[in-house]
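First comes the structure, then the notes that go with it.
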Amino acid sequence: MKISVYHTPESTPENQVPDCAVVIDVLRATTTMATAIDAGAESVRAFSDIDLLLAQSESLSSEKRLRLGERGGKKVESCDMGNSPLDCTPEVVKDKQLFISTTNGTRALQRVQNAEVVVTGAMINFGAVVDFLEQTKPENVWLVGSGWEGGYSLEDTICAGEIASRLISNYDIDMIGNDEVISAIALYQQWQHDLVKLFSLASHGQRLVRLNLVDDLEYCAQENIINTLPMQQGKGTLLFKNHF
């Protein structure tokens with residue numbers, strides 16, 4: 001297995017896809033997706049365009065669907081919910097199909113949608129990601145951060161660093177695909193005992209604090225609290241269900 005870390009979807013190699021892509025948007029899309037599926041949601045379908053989300057979701061009755069929309073950290077008015085994982089309780093999402101569009105996470109999912117396998121990772125389910133990769137041993141793995149509007153994000157990089165650190169023992173040179181792997185692991189080792197502080201320093205973390213979403217930030221900083229692994233169902237579908 002050779003592992004590469006990319007801080008944003010825009011930084012990935014052009015005209016290439018890996019054997020397995022792990023898309024990471026800790027604050028908050030992939031955290032929300034894992035939480036919703038763990039709480040009993042039937043599936044999560046991702047969209048970059050809100051109007052397309054609204055049109056596609058019309059095929060289901062309001063009792064069977066939930067529309068999640070976020071831009072700039074705020075809920076989109078035409079949707080049922082924003083992008084808060086704390087809203088995804090079993091009472092709200094169980095047995096429903098979720099349709100989601102966010103500022104950053106959807107763009108990363110689209111970039112790697114044609115990879116053979118696409119899963120989503122966050123701090124709350126990193127162990128499920130590691131277990132899956134150890135079991136399946138794909139030859140070429142990309143850990144792709146979503147960033148913020150094309151820029152680097154601390155929270156996605158530290159999550160990639162935690163996943164990589166569990167897979168690469170003693171800095172096995174044959175497993176290291178690029179320099180970003182080393183920097184991501186170093187970031188995780190430096191901050192692993194104070195993730196809430198790091199997230200509060202991150203630009204998007206500060207944005208959530210200004211929006212009075214500190215509870216979201218603290219939830220997203222929890223490590224390995226669920227064993228759900230959202231996996232794309234078919235190439236290019238952006239439809240995710242639990243692998244396990």
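The values are calculated or read from the model by the stated rules, or taken from the named source; none is laboratory data. Quick caveat, the model's predicted, so the values are computed rather than measured. Side chains included, ligands, DNA and RNA excluded: accessible areas come from the protein's heavy atoms. Shrake-Rupley method; radii C 1.70, N 1.55, O 1.52, S 1.80 Å.
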ask   = Rounded to a whole number, what % of the accessible area of the chain do carbon and sulfur atoms account for, probe 1.4 Å?
value = 45 percent
³J(HN,Hα), Karplus 6.51/-1.76/1.60, whole Hz, each residue of the stretch 177-186, x for Gly, Pro = x, 7, 5, 4, 4, 5, 5, 5, 4, 4
Contour excess over end-to-end distance, with Cα ends at Arg210 and Lys235 and 0.36 nm allotted per residue = 5.2 nm
key: Heavy atoms of Asp131 accessible to a 1.4 Å probe, total area in Å² rounded to 10   = 60 Å²
ask   = Excluding ligands, DNA and RNA, what is the solvent-accessible area per residue of the chain at a probe of 1.4 Å, expressed in Å²?
value = 42 Å²
query = For Rg and Dmax of the Cα atoms in Å, which listed value, (1) 17.8, 65; (2) 16.2, 45; (3) 16.5, 52, comes from the coordinates shown?
reply = (3)
key: Over the stretch 111-222: Rg over Rh, Cα atoms, Kirkwood Rh   = 0.97
ask   = Amide H of Asn140: which non-local residues (sequence gap of 5 or more, or other chain) have their own amide H closer than 5 Å, using H built in the peptide plane?
value = Lys2, Asp19, Cys20
message = So for the chain, averaging the separation of alpha carbon pairs under 8 Å that are six or more residues apart and normalising by length, what relative contact order in percent results?
response = 33 percent
The stretch 131-230, relative contact order in percent, only Cα pairs under 8 angstrom and at least six apart counted = 22 percent
request  = Could you quote the convex hull projected area for the stretch 198-244, Cα atoms only and averaged over all directions, in nm²?
outcome  = 4.7 nm²
